[in-house]
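Written below as structure tokens is the structure these notes are about.
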Amino acid sequence: MINLSFFPSRPIALYMARLFITRSLAMLAALVVVLMTLDLLGNSGDILAVPGNGDAELWRYVGLRVPQLINRFLPFSVLLGALITLVGLNQNSEIVSMKAAGISAHQIIAPLILTAALFAAAHFAFNERIVTRANAAFDVWEAADWGPVPEGSNVQSNVAVVRGDDLIFVRQVSGHGDSVRLTGVTVYEREGGTMRRIVTAEQGQRVPGGWRLSPVTLFNVDTGQQGRMAALTFGPDIRPDQFTLARVDPDEQSFGTLRQSISELRAVNRPVESLEANLWRKIASPMSSILMPLLGAVAAFGLARSGQVLVRAVIGMALGFAYFVADNFALAMGNFGAYPPFLAAWGPFLLFFLVGETVLIRTEE
């Protein structure tokens with residue numbers, strides 16, 4: 001009689017899910033602790049070099065970096081957890097016992113895939129609620145050279161705006177609409193591609209008739225002379241959204257916020273293809289955890305006494321690494337506009353799903 005159930009028995013499914021969860025979380029914890037320690041050792045000197053910084057700032061750095069590390073290495077931890085689980089089941093002849101009981105390869109992997117789907121859902125929620133905010137806070141703090149960060153909403157760092165021939169660089173932009181505040185403004189005034197004057201100011205704000213910069217330092221490139229002014233008004237034609245939309249970092253925005261930013265950019269005829277690729281990737285990246293048990297399933301089958309368990313585990317790890325490489329490559333091509341946004345985000349997922357299924361079927365045969 002053929003067993004048409006998608007899952008094995010409830011006790012077996014719960015047993016495999018428990019093994020998979022504990023091993024995946026253990027690998028994630030080990031990776032985060034090791035990488036966080038190395039990262040902190042490399043940057044603690046710069047943080048403590050700022051006057052007034054101490055242990056609190058080091059813990060703040062850890063609090064901002066740990067979510068980033070979890071977000072980046074969770075799918076890889078799921079892959080390692082799946083490999084360790086399946087290799088252990090194979091070496092203890094539990095896989096052989098399941099197959100002798102009429103359980104197919106897909107049924108053996110099914111509890112791990114369902115558990116990986118839970119990991120994917122948790123990953124997406126974690127990225128939406130915590131990682132995006134940590135990325136935004138970390139980038140602003142890093143742009144301030146680990147010093148005090150100016151208070152304000154919607155803070156962005158390292159914003160560049162082109163106005164005719166002039167180039168405008170702003171270290172930090174905060175606020176929205178007419179309440180936008182600029183910090184660390186540098187204006188390169190050019191004529192016909194030739195630099196004429198460099199205007200620097202500590203801060204700027206929106207006023208009737210343009211933007212008021214203060215205090216201002218003027219450097220004339222032709223004469224080599226430098227002067228100072230208390231305030232200067234420039235750029236009456238520059239809109240506030242040119243600063244707030246000049247730098248849209250998809251890693252700092254949630255799915256809904258990024259979709260709104262794309263709509264605003266599209267309304268002013270700005271290119272949005274790379275942002276659309278990153279928008280789709282916010283779903284595809286967590287979904288990659290579902291692929292990991294399928295790619296690691298090659299380690300589950302084959303007789304343990306044949307001495308090829310290690311080779312199979314290496315093959316499973318190689319498939320996982322190949323997926324991450326292909327995923328990053330596709331995203332880079334999407335950012336350059338060589339791939340359509342949907343293909344850049346979902347192409348590697350669909351490709352390696354077929355690869356995993358093919359390897360699983362061939363292995364079972």
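The values are calculated or read from the model by the stated rules, or taken from the named source; none is laboratory data. All figures in this text were calculated on a predicted structure; none of them were measured in a lab. Virtual Cβ from ideal backbone geometry, glycine too; neighbours counted across all protein chains shown.
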Filtering segment 333-355 for residues that are assigned to a helix (DSSP H, G or I) and modelled with pLDDT of 90 or more leaves a count of 16
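Output yes when any residue across segment 275-284 is more than 23 Å from Pro111 (Cα to Cα), free of Cβ contacts under 8 Å to residues at least 12 places away in the same chain and out of contact with any Phe, Trp or Tyr (no Cβ under 8 Å at 6 or more places or on another chain), and no when none is.
Pass one, segment 275-284, residues more than 23 Å from Pro111 (Cα to Cα): 275-282.
Among the residues that remain, those that are also free of Cβ contacts under 8 Å to residues at least 12 places away in the same chain are: none.
There is no residue in segment 275-284 that is more than 23 Å from Pro111 (Cα to Cα), free of Cβ contacts under 8 Å to residues at least 12 places away in the same chain and out of contact with any Phe, Trp or Tyr (no Cβ under 8 Å at 6 or more places or on another chain).
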Picking from Val140, Val170, the residue that is of a type in the set (Val, Ile, Thr) and under 19 Å from the mean Cα position of the chain (by Cα) would be Val140
Result of the Cβ filter at 7 Å on segment 219-241, keeping first residues that are under 14 Å from Glu189 (Cβ atoms) and partners that are charged (D, E, K, R), at least 6 apart or interchain, is Phe219/Arg197; Asn220/Arg197; Val221/Arg196; Val221/Arg197; Asp222/Arg196; Gly235/Arg163; Ile238/Arg163
Flagged pairs (Cβ under 8 angstrom, 6 or more apart or on separate chains; first in segment 88-114, more than 13 Å from Ala300 (Cα to Cα); second β-branched (Val, Ile, Thr) and crowded, with 20+ Cβ neighbours inside 10 Å) are Ile113/Ile290
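Report whether or not Ile262 is within 23 Å of the chain's Cα centre (by Cα), of a type outside the set (S, T, N, Q) and under 16 Å from Phe126 (Cα atoms).
Values: within 23 Å of the chain's Cα centre (by Cα): yes; of a type outside the set (S, T, N, Q): yes; under 16 Å from Phe126 (Cα atoms): no.
The answer is no for Ile262.
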Exactly one of Val359, Val314 is touching a residue at least 40 places away in the same chain (Cβ under 8 Å) and under 30 Å from Glu94 (Cα atoms), and that one is Val359
